1. Is at least one residue of region 79-86 assigned to a strand (DSSP E or B), modelled with pLDDT of 90 or more and in contact with an Asp or Glu (Cβ under 6 Å, 6 or more places away or on another chain)?
2. Just the residues that are modelled with pLDDT of 90 or more, out of contact with any helix residue (DSSP H, G or I) (no Cβ under 6 Å at 6 or more places or on another chain) and hydroxyl-bearing (Ser, Thr, Tyr), please, taken from region 7-36.
3. In region 131-158, how many residues are at pLDDT 75 or above, out of contact with any Ser or Thr (no Cβ under 9 Å at 6 or more places or on another chain) and either assigned to a loop (DSSP other than H, G, I, E, B) or more than 16 Å from the ligand (Cβ to nearest atom) (or both)?
Amino acid sequence: MGVNQSDVNAAKSILWPDEKVEVTVRQRRVGPGGSVTTPTSVLATDKRLIILNRANLGIRQDYEVIPYKQVASVRLEHGIISSSVFIRVQGYDVDRGLLKNGKQEGEIDGLNNKDAQALSDYINKKLEDSDSMPEGEEMDNGVGGFTYCTKCGTKNPASAKFCSKCGSPLR
Ligand SMILES: [Zn+2]
C-alpha cells in the first residue's frame, strides 16, 4: 500500500483535520485504460473516498467525495496491461460524476494491478468495518431518502438543494 504525498498535498484543502489518507492511486496518464486528459487520483482515507481530477483543479467539479457508507460494493478487474476498480455507489450519478462509465458502476480504470488491488482491498475492509458497526443514526436511512454532498460527504435530506455543512449545491 502506498501513499503519494503529492496527491495528499493536492487534497489538503479537502481533508478534515483528523482525517488520515491510507491509500492513494493514480490513473495512468497514457496508454490503455488511462486517460491523457484526466489523470485522476483517488485517495482512500480512514473516513471516505476522495476522487481528485488533477487536470481540472481549480475548475468546476474538480473533486468528489464518497463516504464509505454510500458504497454498496467494490469489485476488481485485472486486465493484461491495467486494472480497473468498479464501485457501486448509492445515489451516484454514473453519467456525470468523475467515475462515469455510462453503466451502473463508477469505474476507476487505468490503474496498475498492485494499486488496484490495494485500493479495492482497502475499500472492502472499510465496508466490512462499517457492516460490523452498531446501527445508530443509520436507522433513519430507509425512510425519506438522503443525498450525500459530493464535496464534503455530509448527509442531507433528499429534498435539500444545498449542503447543510459546506453550502455546495447538491445534485
Ligand atoms: Zn458539503
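The values are calculated or read from the model by the stated rules, or taken from the named source; none is laboratory data. Only a predicted model underlies this, so the values are computations on that prediction, with no experimental measurement involved. Glycine also receives a Cβ, built like all others from the backbone with ideal geometry; neighbour counts cover every protein chain displayed.
1. Yes.
2. Residues satisfying the conditions do not exist here.
3. The qualifying residues number 1.
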